[in-house]
Amino acid sequence: MLIDEIKEILAAENLYQPEFSYEDIDITTACGADLMSDVLAFSQEKTLLLTGLVNPQVVRTAEMTDIDLIVFVRGKQPPDDTIKLAKEKEIMLLKCNYSLFHSCGLLYQNGIKPENIIGTG
Amino acid sequence: MINSKVREGDFKRGGEVSSKLKETLQQLDLDSKIIRKASIIAYELEINIIIHSYGGRLKVKISPEQILIIAEDEGPGIEDIEKALTPGFSTAGNEVRELGFGAGMGLCNVEKFSDEMDIESDPEGTVVRVGIDF
(Lines give C-alpha, C1' and ligand atoms only; values in the text may rest on other atoms or scores of the structure.)
Protein backbone atom coordinates (compact mmCIF):
# COMPACT_ATOMS: atom_id res chain seq x y z
CA MET A 1 0.00 0.00 0.00
CA LEU A 2 1.31 3.44 -0.87
CA ILE A 3 1.82 6.05 1.83
CA ASP A 4 -0.77 8.38 0.28
CA GLU A 5 -3.41 5.63 0.63
CA ILE A 6 -2.43 5.09 4.28
CA LYS A 7 -2.80 8.83 4.91
CA GLU A 8 -6.26 8.79 3.37
CA ILE A 9 -7.47 5.70 5.29
CA LEU A 10 -6.29 7.12 8.62
CA ALA A 11 -7.23 10.73 7.79
CA ALA A 12 -3.70 11.48 8.90
CA GLU A 13 -1.83 14.75 8.84
CA ASN A 14 1.83 15.20 7.92
CA LEU A 15 4.24 16.07 10.71
CA TYR A 16 7.37 15.52 8.66
CA GLN A 17 7.77 14.45 5.08
CA PRO A 18 11.25 13.55 3.85
CA GLU A 19 12.61 15.21 0.74
CA PHE A 20 13.19 11.91 -1.07
CA SER A 21 10.41 10.47 -3.18
CA TYR A 22 8.26 8.59 -0.69
CA GLU A 23 5.40 8.10 -3.15
CA ASP A 24 6.84 4.81 -4.42
CA ILE A 25 7.39 3.18 -1.00
CA ASP A 26 5.14 0.12 -0.80
CA ILE A 27 4.12 -0.74 2.77
CA THR A 28 2.95 -4.35 3.13
CA THR A 29 3.16 -4.98 6.88
CA ALA A 30 2.60 -2.92 10.01
CA CYS A 31 3.06 -3.16 13.74
CA GLY A 32 1.21 -1.31 16.48
CA ALA A 33 2.95 -1.03 19.85
CA ASP A 34 3.81 1.30 22.70
CA LEU A 35 6.70 -0.87 23.83
CA MET A 36 9.78 -0.46 21.71
CA SER A 37 11.23 -3.92 22.31
CA ASP A 38 8.05 -5.33 20.82
CA VAL A 39 8.77 -3.27 17.73
CA LEU A 40 12.40 -4.40 17.66
CA ALA A 41 11.18 -8.01 17.42
CA PHE A 42 10.07 -7.18 13.87
CA SER A 43 12.60 -7.89 11.21
CA GLN A 44 11.03 -7.18 7.84
CA GLU A 45 11.67 -4.11 5.78
CA LYS A 46 9.06 -1.60 4.73
CA THR A 47 7.05 -1.90 7.90
CA LEU A 48 4.92 0.90 9.26
CA LEU A 49 4.87 1.63 12.98
CA LEU A 50 1.70 2.84 14.72
CA THR A 51 2.27 4.03 18.26
CA GLY A 52 1.00 6.23 21.04
CA LEU A 53 4.51 6.81 22.32
CA VAL A 54 6.03 10.10 21.17
CA ASN A 55 9.55 10.32 22.59
CA PRO A 56 12.68 10.33 20.37
CA GLN A 57 13.37 6.65 21.13
CA VAL A 58 10.46 5.83 18.81
CA VAL A 59 12.47 7.32 15.95
CA ARG A 60 15.61 5.50 17.10
CA THR A 61 13.66 2.23 17.10
CA ALA A 62 12.37 2.94 13.58
CA GLU A 63 15.90 3.74 12.47
CA MET A 64 17.28 0.41 13.72
CA THR A 65 14.50 -1.63 12.10
CA ASP A 66 14.44 0.25 8.74
CA ILE A 67 10.91 1.52 9.35
CA ASP A 68 10.12 4.30 6.84
CA LEU A 69 6.95 5.64 8.39
CA ILE A 70 5.70 6.29 11.93
CA VAL A 71 2.05 7.13 12.63
CA PHE A 72 1.30 8.70 16.02
CA VAL A 73 -2.21 7.72 17.09
CA ARG A 74 -4.82 9.26 19.44
CA GLY A 75 -3.97 12.75 18.11
CA LYS A 76 -0.69 12.82 19.99
CA GLN A 77 1.78 15.54 19.10
CA PRO A 78 5.42 14.46 19.43
CA PRO A 79 7.88 16.90 21.04
CA ASP A 80 10.29 18.92 18.90
CA ASP A 81 13.29 16.67 19.63
CA THR A 82 11.37 13.67 18.20
CA ILE A 83 10.61 15.56 14.98
CA LYS A 84 14.19 16.83 14.81
CA LEU A 85 15.59 13.30 15.01
CA ALA A 86 13.11 12.08 12.36
CA LYS A 87 14.33 14.84 10.02
CA GLU A 88 17.92 13.84 10.66
CA LYS A 89 17.13 10.19 9.88
CA GLU A 90 14.60 10.96 7.09
CA ILE A 91 11.79 8.96 8.67
CA MET A 92 8.32 10.16 7.72
CA LEU A 93 5.94 11.14 10.54
CA LEU A 94 2.15 11.22 10.43
CA LYS A 95 -0.45 11.90 13.11
CA CYS A 96 -4.04 10.60 13.22
CA ASN A 97 -6.90 10.90 15.69
CA TYR A 98 -7.92 7.22 15.78
CA SER A 99 -6.95 4.95 18.68
CA LEU A 100 -4.17 2.41 18.18
CA PHE A 101 -6.69 -0.43 17.91
CA HIS A 102 -8.90 1.48 15.47
CA SER A 103 -5.96 2.55 13.29
CA CYS A 104 -4.61 -1.01 13.10
CA GLY A 105 -8.11 -2.31 12.30
CA LEU A 106 -8.61 0.16 9.44
CA LEU A 107 -5.27 -0.74 7.86
CA TYR A 108 -5.83 -4.49 8.33
CA GLN A 109 -9.25 -4.19 6.71
CA ASN A 110 -7.60 -2.50 3.73
CA GLY A 111 -4.96 -5.16 3.19
CA ILE A 112 -2.01 -4.39 5.46
CA LYS A 113 -0.99 -7.58 7.26
CA PRO A 114 0.98 -8.30 10.42
CA GLU A 115 4.44 -9.78 10.24
CA ASN A 116 4.61 -13.33 11.49
CA ILE A 117 7.20 -12.99 14.25
CA ILE A 118 6.56 -15.97 16.50
CA GLY A 119 5.29 -18.63 14.14
CA THR A 120 1.58 -18.09 14.80
CA GLY A 121 0.42 -17.37 11.33
CA MET B 1 36.14 -0.44 15.40
CA ILE B 2 33.65 1.08 17.86
CA ASN B 3 34.38 1.50 21.55
CA SER B 4 31.99 4.00 23.11
CA LYS B 5 30.94 4.92 26.61
CA VAL B 6 27.25 4.52 27.53
CA ARG B 7 26.03 6.36 30.64
CA GLU B 8 23.56 5.16 33.26
CA GLY B 9 20.09 6.67 32.76
CA ASP B 10 21.10 8.68 29.66
CA PHE B 11 17.95 8.14 27.60
CA LYS B 12 18.48 11.42 25.78
CA ARG B 13 21.54 10.04 24.01
CA GLY B 14 20.28 6.45 23.98
CA GLY B 15 20.83 4.86 20.59
CA GLU B 16 23.60 7.21 19.43
CA VAL B 17 26.25 4.48 19.51
CA SER B 18 23.98 2.04 17.65
CA SER B 19 23.18 4.73 15.11
CA LYS B 20 26.90 5.29 14.55
CA LEU B 21 27.34 1.53 14.11
CA LYS B 22 24.53 1.39 11.54
CA GLU B 23 26.08 4.23 9.52
CA THR B 24 29.47 2.52 9.62
CA LEU B 25 28.03 -0.82 8.45
CA GLN B 26 26.15 0.93 5.64
CA GLN B 27 29.39 2.55 4.51
CA LEU B 28 30.93 -0.94 4.34
CA ASP B 29 28.08 -1.87 1.97
CA LEU B 30 27.09 -4.99 3.92
CA ASP B 31 23.86 -6.91 3.34
CA SER B 32 20.86 -4.95 4.67
CA LYS B 33 19.58 -7.91 6.72
CA ILE B 34 22.94 -8.21 8.52
CA ILE B 35 22.96 -4.45 9.16
CA ARG B 36 19.44 -4.58 10.59
CA LYS B 37 20.27 -7.51 12.87
CA ALA B 38 23.45 -5.82 14.15
CA SER B 39 21.65 -2.49 14.66
CA ILE B 40 18.79 -4.05 16.64
CA ILE B 41 21.19 -6.06 18.82
CA ALA B 42 23.43 -3.05 19.49
CA TYR B 43 20.43 -0.85 20.32
CA GLU B 44 18.92 -3.37 22.75
CA LEU B 45 22.28 -3.78 24.49
CA GLU B 46 22.88 -0.02 24.60
CA ILE B 47 19.45 0.58 26.13
CA ASN B 48 20.05 -2.25 28.62
CA ILE B 49 23.25 -0.53 29.83
CA ILE B 50 21.30 2.74 30.22
CA ILE B 51 18.39 1.12 32.09
CA HIS B 52 19.97 -1.59 34.17
CA SER B 53 23.62 -0.70 34.87
CA TYR B 54 25.85 1.89 36.49
CA GLY B 55 27.21 2.61 33.00
CA GLY B 56 29.47 0.78 30.61
CA ARG B 57 30.79 0.50 27.08
CA LEU B 58 29.56 -0.82 23.77
CA LYS B 59 32.26 -2.29 21.53
CA VAL B 60 32.03 -3.62 18.00
CA LYS B 61 34.65 -5.58 16.07
CA ILE B 62 34.36 -6.81 12.51
CA SER B 63 36.25 -9.83 11.20
CA PRO B 64 35.92 -11.55 7.79
CA GLU B 65 33.58 -14.10 9.46
CA GLN B 66 31.35 -12.03 11.71
CA ILE B 67 30.35 -8.84 13.49
CA LEU B 68 31.11 -9.12 17.21
CA ILE B 69 29.19 -6.80 19.56
CA ILE B 70 30.30 -6.61 23.19
CA ALA B 71 28.34 -4.81 25.92
CA GLU B 72 30.28 -4.37 29.16
CA ASP B 73 28.96 -2.66 32.24
CA GLU B 74 30.06 -1.87 35.77
CA GLY B 75 27.31 -3.70 37.67
CA PRO B 76 25.16 -4.49 39.55
CA GLY B 77 24.92 -7.70 37.49
CA ILE B 78 22.01 -9.85 36.35
CA GLU B 79 20.58 -11.76 39.29
CA ASP B 80 19.13 -14.64 37.26
CA ILE B 81 20.28 -14.90 33.62
CA GLU B 82 17.78 -17.64 32.76
CA LYS B 83 14.90 -15.44 33.94
CA ALA B 84 16.33 -12.43 32.08
CA LEU B 85 16.06 -14.46 28.88
CA THR B 86 12.39 -15.30 29.47
CA PRO B 87 10.11 -13.28 27.13
CA GLY B 88 8.17 -10.74 29.18
CA PHE B 89 10.36 -10.90 32.28
CA SER B 90 11.56 -7.44 33.30
CA THR B 91 12.95 -5.72 36.36
CA ALA B 92 12.49 -2.25 34.85
CA GLY B 93 10.57 0.34 36.86
CA ASN B 94 7.52 2.36 35.82
CA GLU B 95 9.57 5.37 34.73
CA VAL B 96 11.42 3.22 32.19
CA ARG B 97 8.22 1.57 31.00
CA GLU B 98 6.64 4.97 30.38
CA LEU B 99 9.47 5.64 27.94
CA GLY B 100 8.52 2.49 26.03
CA PHE B 101 11.16 0.14 27.42
CA GLY B 102 11.15 -2.65 29.95
CA ALA B 103 8.88 -4.95 27.90
CA GLY B 104 10.98 -7.91 28.93
CA MET B 105 12.00 -8.58 25.32
CA GLY B 106 15.46 -6.99 25.19
CA LEU B 107 17.75 -9.98 25.67
CA CYS B 108 15.23 -12.23 23.86
CA ASN B 109 15.55 -10.00 20.81
CA VAL B 110 19.34 -10.04 21.10
CA GLU B 111 19.28 -13.84 21.19
CA LYS B 112 16.76 -14.02 18.33
CA PHE B 113 18.85 -11.96 15.91
CA SER B 114 22.27 -13.36 16.90
CA ASP B 115 24.15 -16.44 15.73
CA GLU B 116 25.91 -16.81 19.07
CA MET B 117 25.47 -15.14 22.43
CA ASP B 118 27.36 -15.45 25.67
CA ILE B 119 26.53 -13.72 28.97
CA GLU B 120 28.81 -13.48 32.01
CA SER B 121 27.50 -11.62 35.01
CA ASP B 122 28.37 -10.96 38.64
CA PRO B 123 27.79 -7.96 40.94
CA GLU B 124 30.95 -6.29 39.55
CA GLY B 125 29.45 -6.19 36.06
CA THR B 126 27.98 -7.95 33.07
CA VAL B 127 29.58 -8.78 29.74
CA VAL B 128 27.36 -9.79 26.82
CA ARG B 129 29.15 -10.99 23.66
CA VAL B 130 27.10 -11.42 20.53
CA GLY B 131 28.21 -12.69 17.15
CA ILE B 132 26.42 -12.15 13.83
CA ASP B 133 27.86 -14.33 11.06
CA PHE B 134 28.25 -13.14 7.48
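Computed over chain B, relative contact order equals 27 percent, with contacts defined as Cα pairs under 8 Å that lie 6+ residues apart.
Scalar couplings 3J(HN,Hα) for segment B:116-124, obtained by applying the Karplus form with A = 6.51, B = -1.76, C = 1.60 to θ = phi - 60°, are 8, 9, 9, 10, 10, 8, 8, x, 6 Hz; x denotes Gly and Pro.
In terms of packing, defined here as the mean over residues of other Cβ atoms within 10 angstrom, the peptides A:98-111, B:11-24 line up highest first as B:11-24, A:98-111. Inter-part distance, segment B:109-134 to segment A:1-26, computed on C-alpha centroids, equals 38 Å. Pull out a ≥ b ≥ c, the square roots of the eigenvalues of the alpha-carbon gyration tensor of segment B:2-133, then state rounded if a/c is under 1.5, prolate if not and a/b is larger than b/c, and oblate in the remaining case. Prolate, because a/c is 1.5 or more and a/b exceeds b/c. Distance from the alpha carbon centroid of segment A:57-121 to that of segment B:11-41 works out to 20 angstrom. How high is the relative contact order of chain A? Use alpha-carbon pairs under 8 Å, at least six apart in sequence, and give a whole percent. Contact order relative to length: 32 percent. Each of the peptides B:44-53, A:32-41, B:80-89 was scored by the mean count of other Cβ atoms within 10 Å over its residues; in descending order, highest first, they stand as B:44-53, A:32-41, B:80-89. Can you bin the protein assembly as shown into rounded, prolate or oblate? Criterion: square roots of the alpha carbon gyration tensor eigenvalues sorted a ≥ b ≥ c, rounded for a/c under 1.5, prolate for a/b above b/c, oblate for the rest. Prolate. Ranking A:Thr65, A:Thr28 by solvent-accessible area of protein heavy atoms (1.4 Å probe, all protein chains present), from largest to smallest, gives A:Thr28, A:Thr65.
Here the Karplus relation 6.51 cos²θ - 1.76 cosθ + 1.60, evaluated at θ = phi - 60°, turns the backbone of segment B:93-103 into coupling constants of x, 4, 4, 5, 5, 5, 7, x, 10, x, 7 Hz, with x for every Gly and Pro.
Under the shape rule built on the C-alpha gyration tensor, where the axes satisfy a ≥ b ≥ c, chain A is rounded, since a/c falls short of 1.5.
Among the residues of B:42-49, the average count of other protein chain beta-carbon atoms within 10 Å of the residue beta-carbon is 3.
Taking every residue in B:94-107 and counting other chain Cβ atoms within 10 Å of its Cβ, the average works out to 4.
With a 10 Å cut-off around each Cβ of B:6-17, the average count of Cβ atoms from other chains is 2. The sum of -39500 (n - 2.57) across all DSSP H runs of n ≥ 4, divided by the residue count of chain B, sets its helix-only mean residue ellipticity at 222 nm to -11000 deg cm²/dmol.
The values are calculated or read from the model by the stated rules, or taken from the named source; none is laboratory data. What you are looking at is a predicted structure, and each value in this text was computed from that prediction instead of being measured. Here the Cβ is made from the backbone with ideal geometry for all residues, glycine too, and neighbour counts use every protein chain on show. The area values use the complete protein model at the heavy-atom level, side chains included, leaving out ligands, DNA and RNA. Shrake-Rupley method; radii C 1.70, N 1.55, O 1.52, S 1.80 Å.
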